[in-house]
Amino acid sequence: GKTTGASIGLLIRNTDQKSKDYSAIKDLFRPAHADYTYHHKYGIRDYRGGGRSSARETAMRVAAGAIAKKYLATQGIVIRGYMSQLGPIAIPFKTWDSVEDNAFFCPDPDKVPELEAYMDQLRRDQDSVGAKITVVAEGVMPGLGE
């Protein structure tokens, strides 16, 4: 298809968000949520839904990114990523073929059972952990972007 060059507008309706639902956790940081990072980076925290790190905010960036990714593919640019570490478990890159085939976006299919066992233990311990992702852009011409 073609566009006119006009801005693209997106609307995702949020019909059930209630700021008061967050009052019980106003003094707690949520595991795996960016509110802790934002608090330390900017010195403020909106406990009523995450502010700039809320799912409602992130959904728009994901939707816009999907549109951009499709356009970039028409220009021969491919952007993709994979999980390269989960907590202390390093994940070596083996193949892109398995990345979309598992919940961890893991490039090593032999590593998936270990990741599942690790996550199961974290759930039992009611704990959380960070992860590292690697993003690769292929076909990008020199000088593109900032």
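The values are calculated or read from the model by the stated rules, or taken from the named source; none is laboratory data. Note that this is a predicted model, so its numbers are computed, not measured. Reconstructed Cβ throughout: ideal geometry from the backbone, glycine too, with neighbour counts over all protein chains shown.
Miscellaneous remarks
- One residue alone among Ser128, Ser54, Ser84 is surrounded by 11 or more Cβ atoms within 10 Å (Cβ to Cβ), touching a residue at least 60 places away in the same chain (Cβ under 8 Å) and polar (S, T, N, Q), and that residue is Ser128.
- Residue check for Asp120: loosely packed, with under 11 Cβ neighbours inside 10 Å, charged (D, E, K, R) and either modelled with pLDDT of 95 or more or touching a Pro at 6+ places or on another chain (Cβ under 7 Å) (or both): yes
- Scoring Arg52 on the criteria (1) at pLDDT below 75; (2) among the charged types (D, E, K, R); (3) farther than 29 Å from Ile77 by Cβ leaves a single failure, condition (3).
- Residue in region 96-111 that is surrounded by 10 or more Cβ atoms within 10 Å (Cβ to Cβ), over 20 Å from the mean Cα position of the chain (by Cα) and either at pLDDT below 95 or in a loop (DSSP other than H, G, I, E, B) (or both) present: no
- Hits in region 131-143 - residues which are surrounded by 10 or more Cβ atoms within 10 Å (Cβ to Cβ) and either assigned to a loop (DSSP other than H, G, I, E, B) or more than 21 Å from the chain's Cα centre (by Cα) (or both): Gly139, Val140
- Within region 112-129, being assigned to a helix (DSSP H, G or I) and under 21 Å from the mean Cα position of the chain (by Cα) holds for Val112, Leu115, Glu116, Tyr118, Met119, Asp120, Leu122, Arg123.
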